[in-house]
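Contents: one structure, followed by commentary.
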Amino acid sequence: MLECNGKLLDFSPSTPPKVMGILNITPDSFSDGGLFLSADKALQQAHQMIEDGAAIIDVGGESTRPGAAAVTAQEELDRVIPVIESIQRECSAIISIDTSKPEVMREAVKAGAGMINDVRALREPGAMEAANEAGVPVCLMHMQGEPRSMQQKPEYTDVVQVVKSFLQKRIICCEAAGINALLVDPGFGFGKTVDHNLQLVKNLREFTMLGKPVLMGVSRKSSIAALLSRSTNDERLAGSVAMATLCCQYGASIIRAHDVAATVDAVKIYHAVARADT
């Protein structure tokens with residue numbers, strides 16, 4: 001159980017894994033860039049994802065796709081704060097802020113965010129202190145390199161053990177700083193080849209051994225496209241849902257997804273089968 005600004009996330013075996021809906025307030029995200037730049041459209045999408053079953057809405061104002069350009073903290077704030085405030089006023093779901101910038105973390109939590117989702121695992125200067133002050137759960141993700149260069153020939157001696165060791169060290173650092181409400185994300189697609197990503201999914205139980213809920217974001221990723229020879233978002237749906245279901249089977253507690261309704265349905269079916277006769 002995690003408390004997120006007064007709202008609870010229950011990860012007990014009697015409940016299905018949670019679905020986190022992706023809401024990118026960006027012009028250049030790889031899948032939905034430019035679709036929800038206005039606060040009205042973003043709020044409408046949040047309402048739809050919650051109706052479809054999302055327990056968490058993950059709001060991001062800076063793309064982390066391969067080759068993405070950096071944005072300033074002020075630009076990121078201008079994009080996400082009005083959206084977070086609107087969702088907080090009108091919706092019951094937990095809001096997550098997808099950011100690595102300490103100033104964005106602080107302002108987003110003040111506006112109503114109940115979780116921080118950081119692809120850099122609180123390694124930016126001041127991020128650890130900001131997260132500690134915010135007092136909300138933090139998801140720590142592994143990424144090899146930076147978004148602009150992470151897919152340029154990523155290499156590992158043993159991807160599962162390297163990623164697990166990194167996350168374990170970040171957990172220790174965070175707990176030493178007083179941050180105990182943590183989740184972990186192996187970073188599917190962030191500085192990994194197709195084979196690396198498959199190894200992470202197949203060995204996801206290794207990450208549950210860290211003692212924190214595991215979040216997986218496989219939705220519409222290029223590895224899905226490569227495995228299926230599919231290009232458009234619609235063509236990646238079945239593969240994304242299949243991969244999400246496998247992640248649940250191997251221990252994921254949260255699935256981060258663009259296609260919330262289909263993912264929620266898959267998670268419910270997985271959970272019904274997993275709980276049969278128990």
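The values are calculated or read from the model by the stated rules, or taken from the named source; none is laboratory data. Worth saying up front: this structure is predicted, and the values here are computed from it rather than measured. Virtual Cβ from ideal backbone geometry, glycine too; neighbours counted across all protein chains shown.
For segment 193-213, does any single residue satisfy the condition of being touching a Pro at 6+ places or on another chain (Cβ under 7 Å) and farther than 20 Å from F166 by Cα?
no
Being in contact with a Lys or Arg (Cβ under 7 Å, 6 or more places away or on another chain) and touching a residue at least 12 places away in the same chain (Cβ under 8 Å) narrows it down to one residue among S92, S100, S96; which is it?
S100
Return the residues of segment 1-14 that are in contact (Cβ under 8 Å) with a residue 12 or more places away in the chain, closer than 23 Å to S219 by Cα and of a type outside the set (A, V, I, L, M); say none if nothing qualifies.
Hit for segment 1-14 is F11, nothing else.
Looking at segment 51-63, which of the residues that are surrounded by fewer than 24 Cβ atoms within 10 Å (Cβ to Cβ) and in a loop (DSSP other than H, G, I, E, B) is modelled with the lowest pLDDT?
Going through the qualifying residues, I end up with S63.
Can you work out which of the residues in segment 227-238 that are assigned to a loop (DSSP other than H, G, I, E, B) and free of Cβ contacts under 8 Å to residues at least 24 places away in the same chain is farthest from L8 (Cα to Cα)?
S229
Which helices (runs of 4 or more DSSP H) sit wholly inside segment 124-226 and have at least 3 residues that are in contact with a strand residue (DSSP E or B) (Cβ under 8 Å, 6 or more places away or on another chain) and among the hydrophobic types (A, V, I, L, M, F, W, C)?
Qualifying helices (runs of 4 or more DSSP H): 127-134, 159-176.
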